[in-house]
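The values are calculated or read from the model by the stated rules, or taken from the named source; none is laboratory data. Keep in mind that what you see is a predicted model, and the values were worked out from it rather than measured. So basically every Cβ, Gly included, is an ideal-geometry build from the backbone, and we count neighbours across all protein chains shown.
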Ligand code: SER
């Protein structure tokens, strides 16, 4: 089965069960202060899991682009990826455990769909603890579809509970599905999750709880289902492959790396690992740079992660003796594999290739300088020196360590780590692949700043020009942060004018109106937003209404305040560069 067939089957199956197909959201989350990347299909859906109405209804299905950076050290094995596609279906207060499990089973085993061998499937359910009881309902549902009791494991929270993604938010017990990838004749009668030959392929999460600040759990107002099935892994399993990199999503990339290096995948364990890392990292970099909210390599936030991925790939490339402007050649292969599914990669091809070439040239330069610096250190590297190489010369940490090892010098690890901690502002949350239910922080303060961000974007367009679009936003209860396309520093006059316009809109006490309209209609009305949606899809449009000429009109999930008069006084506290062609404003309400 090809990846294209698998994606289509998944969507078709849930369409046949009356789910609306929604597009993948951007890899860069909206209004989420706590996460750099979208890391699961449910991530952009948090407001709806908490009860906001979704314009497409109560049953949704999609294939979401995801980035997880928490497992970066495991990348290099057969199954871990920084970027992956997650197939998922959702019930927003509609069907629940029994139905979700029956459909999962039907999709996996029916010959019309995946047609996996029923005798090679095992399952697990939550065993129960002081927070929530044993999941009898899920257990019974597995038995009913035909899984034998011995093949249904009862497991604790560590395994069978999903979320909240951060400290608070929607969460609940889950039910996982495993497929036996060993010799079919030797599939054990009972399931043991320690055995690696049982591969997890799907996770049905029953989001019926909300974890509160004090650590306690309360029942949510609605019972949700959130399922997630990794496309790459499932594709490998269906095709009887023990290595995701042997599927058609990866083989052309590996082939390119073989060509560039003159080495063979599988030749030695080390070469295999190195080729997987290069493949993984450049593929992830292509998707992040090529996202419509495209990110360029930099020293902060998402840009830092992209930089790290590219530089790590280059460093591993050196181990295979690949040199000279090569990352964009690999990127082109990645783009070719995905451009019909993720049209943004096609649209942004030149941008992706240029960014890679630029970053590669930059890194090669700093590498040379850094190496000269390193060689001067002669036999003694203090933690401070090591940190300096990392900070000033952009040496990846691992590289400093490796060089030190090669040359038989000691790095004062403790001192280095403590320097690093002090400086490393890179989202702790994202590096752990975690996110607080940032979208779910529906506190009054956040909601106010969210509405203010709409006013700010509108004011910027009025002052600077219509070409200004939002490139990112991040809102905490304390302040808003908005990234927008503009290449020069704002003058004092421009900043004052923007502040004046926003405060004027606040003073007028304008009404914020929310309407659900088809995407095409939203576009016609000139609503701002990312249009990666499919034709006919309904979206929410928030309008800050003013008599003749509405102040702002954006496609957005909400929530917002009802009237601008609730907002207070608006003040810009910082205006700075974010990345090439993108400026960043931090602002508060006083
Ligand atoms: N949220 C769950 C996961 O990421 C299921 O979609 O695994």
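Summary table
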{"read-out": "All positions within the range 34-65 that are away from the ligand (no atom under 15 Å from the Cβ) and either in a helix (DSSP H, G or I) or under 28 Å from residue 479 (Cα atoms) (or both)", "value": "34, 36, 47, 51, 52, 53, 54"}
{"read-out": "Filter result (free of Cβ contacts under 8 Å to residues at least 24 places away in the same chain and farther than 23 Å from residue 415 by Cα) within the range 363-392", "value": "365, 368"}
{"read-out": "Number of positions in the range 570-581 that are more than 18 Å from residue 492 (Cα to Cα) and surrounded by fewer than 20 Cβ atoms within 10 Å (Cβ to Cβ)", "value": "2"}
{"read-out": "Residue 473 being at pLDDT below 90, in contact with a helix residue (DSSP H, G or I) (Cβ under 6 Å, 6 or more places away or on another chain), closer than 21 Å to residue 29 by Cβ and in a strand (DSSP E or B)", "value": "yes"}
{"read-out": "Hits in the range 185-202 (condition: closer than 19 Å to residue 139 by Cβ, away from the ligand (no atom under 16 Å from the Cβ) and in contact with a helix residue (DSSP H, G or I) (Cβ under 8 Å, 6 or more places away or on another chain))", "value": "189, 190, 191"}
{"read-out": "Total residues in the range 152-172, condition touching a helix residue (DSSP H, G or I) at 6+ places or on another chain (Cβ under 6 Å) and either away from the ligand (no atom under 14 Å from the Cβ) or at pLDDT 95 or above (or both)", "value": "1"}
{"read-out": "The range 339-357, residues that are surrounded by 19 or more Cβ atoms within 10 Å (Cβ to Cβ) and either in contact (Cβ under 8 Å) with a residue 40 or more places away in the chain or within 22 Å of residue 271 (Cα to Cα) (or both)", "value": "342, 344, 345, 348, 352, 355, 356"}
{"read-out": "Whichever residue in the range 178-204 is in contact (Cβ under 8 Å) with a residue 24 or more places away in the chain, surrounded by 15 or more Cβ atoms within 10 Å (Cβ to Cβ) and over 15 Å from residue 235 (Cα atoms) and, among such residues, is farthest from the chain's Cα centre (by Cα)", "value": "187"}
{"read-out": "Single unsatisfied condition, residue 142 versus (1) modelled with pLDDT of 95 or more; (2) part of a helix (DSSP H, G or I); (3) within 16 Å of the ligand (Cβ to nearest atom)", "value": "(3)"}
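Residue by residue, here is whether (1) assigned to a strand (DSSP E or B); (2) within 16 Å of the ligand (Cβ to nearest atom); (3) in contact with a strand residue (DSSP E or B) (Cβ under 6 Å, 6 or more places away or on another chain); (4) at pLDDT 95 or above holds:
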residue	(1), (2), (3), (4)
204	yes, yes, yes, yes
220	yes, yes, yes, no
227	yes, yes, yes, yes
257	no, no, no, yes
263	no, no, no, yes
